[in-house]
1. Mind checking whether some residue in the range 282-291 is more than 29 Å from Glu359 (Cβ to Cβ), under 22 Å from the mean Cα position of the chain (by Cα) and part of a loop (DSSP other than H, G, I, E, B)?
2. Considering only residues that are over 30 Å from Ala612 (Cβ atoms), of a type in the set (A, V, I, L, M) and over 23 Å from the mean Cα position of the chain (by Cα), which ones fall in the range 502-534?
3. Mind listing whichever residues of the range 207-241 are assigned to a strand (DSSP E or B) and closer than 18 Å to Asp305 by Cβ?
4. Quick check on my filter: what residues within the range 319-348 are in a loop (DSSP other than H, G, I, E, B), in contact (Cβ under 8 Å) with a residue 24 or more places away in the chain and under 21 Å from Phe384 (Cα atoms)?
5. For the range 192-206, how many residues meet the condition of being surrounded by fewer than 23 Cβ atoms within 10 Å (Cβ to Cβ) and outside any loop (DSSP other than H, G, I, E, B)?
6. Residues that are within 21 Å of the chain's Cα centre (by Cα), over 30 Å from Glu379 (Cβ atoms) and open to solvent by less than 60 Å² (accessible area, probe 1.4 Å): does the range 417-432 have at least one?
7. Does the range 351-373 hold any residues that are more than 29 Å from His473 (Cβ to Cβ) and under 16 Å from the mean Cα position of the chain (by Cα), and which are they?
8. Restricting to the range 112-131, and then to whatever is open to solvent by 50 Å² or more (accessible area, probe 1.4 Å) and either outside the structural domain of Trp44 (by the TED database) or in contact with a helix residue (DSSP H, G or I) (Cβ under 9 Å, 6 or more places away or on another chain) (or both), can you tell me which residue is nearest to Thr235 (Cα to Cα)?
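The values are calculated or read from the model by the stated rules, or taken from the named source; none is laboratory data. Computed from a predicted model, the values in this text were never measured in an experiment. FYI the Cβ positions are ideal-geometry reconstructions off the backbone, even for glycines, and counts take in every protein chain you see. SASA here: full protein model, heavy atoms, side chains in, ligands and nucleic acids out. Shrake-Rupley method; radii C 1.70, N 1.55, O 1.52, S 1.80 Å.
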Amino acid sequence: RYSLFYNHLKNIEESEEGLDKFTKSYKTFGVNQLLEGGIYCREWAPGAEAVFLAGDFNGWNPFSHPYKKLEYGKWELFIPPGEDGCPAVPHGSKLKVVIRAQNGALLYRISPWARYVVRDEDKVNYDWVHWNPPQSYIHKHPSPKRLKSLRIYESHVGIASPEGKVASYKNFTYNVLPRIKDLGYNCVQLMAIMEHAYYASFGYQVTSFFAASSRYGTPDDLKEMIDVAHSMGITVLLDVVHSHASKNSEDGLNQFDGTDSCFFHSGYRGNHQLWDSRLFDYANWEVLRFLLSNLRMWIEDYRFDGFRFDGVTSMLYHHHGIGTGFSGDYNEYFGLHVDEDALCYLMLANHMINSLHPECITIAEDVSGMPALCRPVAEGGGGFDYRLAMAIPDKWIQIIKELKDEDWNMGNIVHTLTNRRYEEKYIAYAESHDQALVGDKTLAFRLMDAEMYTNMSVLMPLTPVIDRGIQLHKMIRLITHSLGGESYLNFMGNEFGHPEWLDFPRIGNNESYHYARRQFNLTEDHLLRYKFLNAFDRDMNRLEERFGWLASPQAYVSEKHESNKVIAFERAGLLFIFNFHPYQSYVDYRVVIWRSSLTLFFKYKILLDSDAGEYGGHQRLDHNTEYFSEEYPHNYRPNSLMV
């Protein structure tokens, strides 16, 4: 694999362009404003017979501005400035690339490199708008330094409001970012930024890869949002979709030059049978240029601090993970079923990012467990910094859905939370956007279900269902946060047990926005119990900020007691003790202390208690109590203490 990667990299570096110019093609492809007012245009359309540029600037004459044909399917056009020196194509002009296909048909297309596309309310398709404002947004704040402990707030700009509408970049900047900062998250991961014609696709059916979604505002609004996040010390990641593309042809990449291929494999291999989308040809030189330049544009123009690569499992295998289970057997990861071209692209992407912007972070969404995906490219690894621990949320769902409380298996929980490859960093999470979508349930909804509508008021008696739900919601999050990985992720709103599901406006729900919103106002109502979960999540993150357990070595688990339903472990100098027993509390319970120090005895105090009153607990523990370790053997260790 390293050999394949090295050959690709060598070919790029030894080409006339070199790696820097090759991956900076977003500066030359598409329509680009020159300093003297002229316009330089370049496209790759290998299947086209002829290429033209039409738009407001030439009265939509499809033939007045023909491109010149170059080698390897490239086309270029230079439009001189006007006689008065004004730009040849004014800012805000609508444009189309006109392709004469091999069958003679004229196809009106949006450039794959378009930086801004909009849709009028009375239209179905998007229009390409030339974005060249007289004064672009100027970033004022430097990007934060690379984080050791990553606490990620997974977000969607459009739903980030209690109101039933598409929220804006401005709303996120001034209303949501302060909330994220207060909650103790130091990183925001933005979904659905790359332009997508179908809002209900959650941003995963991308139509314009270089365009920031206009439904939330302008490109400058997004730049300001990222700049303000940086001023707060918040790292900003983009959920990037390079695993597939929308089938749209009028306002997407599909059939751009009139052929079935161009950016994609032709025929069966170029279509994803479950996602109904097109699959990139990662062996193609121009596809590599397009995708690598896309990453670089988001970093250098918008100042994103890294990426979460979506659908990596689909990229890695020719079977795309469809109908395939992964047991961990190495035969599942090496063989002809692996798409080495796609894997090589991911290695190139991570090499480029690490070489040009070493402060940036990359995350792989891979459910298969491909070995070495998060090891350096020089070792033959994929080059990612983190991978998502996707087995953890599935385990919590399975436990809550299928088992009685007294049947929870402590050893199985610990195994799932600690089952990760040595020196590959994992992002632990109890739930993400996947569990919030319609058809599934969040943890809070699984735990409390219909009673969330009637019994979340502090004026109502605390019912057993709400009591159990609130306590387990906190415990599940804390044990996942502290034991499950080297980073932590939460989807917006789930930190306080957001009620109901997430559903975007579509024909099936009469285009309703009722479920396409986040009711942050619930945490501000002091008569509702959501405030307890919100406060616990905040203090959990702040405690991690103070002690840094995510950046510490894996925890030492000293106890996973099946009959007592107790799990105990140490990490970052802290002792974590969880009692999952549905009705049994313990007095003078002995747990192991495993600390390497010349000091034999330690004094401990409670730092975070899920049973505290401010978190909706029953206040059964005295926080003034001091706990002392002693030289008393327990669980095959010499020192212990009683709690």
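1. No.
2. Ile507 - this is the single residue of the range 502-534 that is over 30 Å from Ala612 (Cβ atoms), of a type in the set (A, V, I, L, M) and over 23 Å from the mean Cα position of the chain (by Cα).
3. In the first step, residues of the range 207-241 are kept if they are assigned to a strand (DSSP E or B); the result is 208-212, 235-240.
Matches in the range 207-241: Ala212, Thr235, Val236, Leu237, Leu238, Asp239, Val240.
4. His320, Gly321, Phe326, Gly328, Tyr333, Asp339
5. Number satisfying all stated conditions: 3.
6. At the first step, the residues of the range 417-432 found to be within 21 Å of the chain's Cα centre (by Cα) are 417, 420, 424-432.
Restricting the remaining residues to those that are over 30 Å from Glu379 (Cβ atoms) gives 430-431.
From the residues that got through so far, the ones that are open to solvent by less than 60 Å² (accessible area, probe 1.4 Å) too are 430-431.
Yes, that holds for at least one residue.
7. Here is the first cut: in the range 351-373, the residues more than 29 Å from His473 (Cβ to Cβ) are 351-360, 362, 368, 370-373.
Answer for the range 351-373, where residues must be more than 29 Å from His473 (Cβ to Cβ) and under 16 Å from the mean Cα position of the chain (by Cα): Cys360, Thr362.
8. Taking the range 112-131 and keeping what is open to solvent by 50 Å² or more (accessible area, probe 1.4 Å), we get 115, 119-125, 131.
If we keep only those that are either outside the structural domain of Trp44 (by the TED database) or in contact with a helix residue (DSSP H, G or I) (Cβ under 9 Å, 6 or more places away or on another chain) (or both) too, we end up with 115, 119, 131.
Working: Arg115: 23, Arg119: 30, Trp131: 26 Å.
Filtering first and then ranking leaves Arg115.
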